[in-house]
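Undergrad: First the structure, which I've put down as structure tokens, then a few questions once you've had a look.
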Amino acid sequence: QVQLVESGGGLVQAGGSLRLSCAASGSTFTRYVMGWFRQAPGKEREFVAAISWSGGSTLYADSVKGRFTISRDNAKNTQYLQMNSLKPEDTAVYYCARGIALSASEDLYNVWGQGTQVTVSS
């Protein structure tokens, strides 16, 4: 049974930074694309970033490009999302997901974590 467990969320002031982690167990982590999505209150879940199995290719939503960095450590079965210059509009529950292709489409991600709350105060 594949499990994804996020950590690292919390409350931060605007302009601050957080690093999210997602630990995977129960599967061959290195074979899969990994991604981050987020869902703000009253809004649909949206794509944030994704990374190829090797880490050599990445994809970002325009809203986070230049501020967020996705990375992975295959030896630790863990992916990360470094979030800098945070804005109040980044407030959301952030979800880790395992995918079958480097894509912004939720349809290509078939395993999800439980989510971690990120709150950015103004």
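Undergrad: What are the residues in region 86-122 that are open to solvent by 60 Å² or more (accessible area, probe 1.4 Å) and of a type outside the set (A, V, I, L, M, F, W, C), if any?
TA: K87, E89, E106, D107, N110, Q114, Q117, S122
Undergrad: State yes or no: is T58 touching a residue at least 12 places away in the same chain (Cβ under 8 Å), in contact with a strand residue (DSSP E or B) (Cβ under 8 Å, 6 or more places away or on another chain) and over 21 Å from V120 (Cβ atoms)?
TA: yes
Undergrad: Between K65, K76, K43, which is modelled with pLDDT under 95 and either surrounded by 13 or more Cβ atoms within 10 Å (Cβ to Cβ) or not hydroxyl-bearing (S, T, Y) (or both)?
TA: Unique residue meeting the criteria: K76.
Undergrad: Looking at A14, is it open to solvent by less than 60 Å² (accessible area, probe 1.4 Å) and within 15 Å of the chain's Cα centre (by Cα)?
TA: no
Undergrad: Considering only residues of region 23-78 that are part of a strand (DSSP E or B) and of a type in the set (G, A, S), which is farthest from S105 (Cα to Cα)?
TA: Ranking the candidates gives S25 first.
The values are calculated or read from the model by the stated rules, or taken from the named source; none is laboratory data. Since this is a predicted model, take the numbers as computed values, not measurements. Note that each Cβ is placed from the backbone with ideal geometry, even for glycine, and that neighbours are counted across all protein chains shown. We work out accessible area using only protein heavy atoms, side chains counted, and drop any ligands, DNA or RNA first. Shrake-Rupley method; radii C 1.70, N 1.55, O 1.52, S 1.80 Å.
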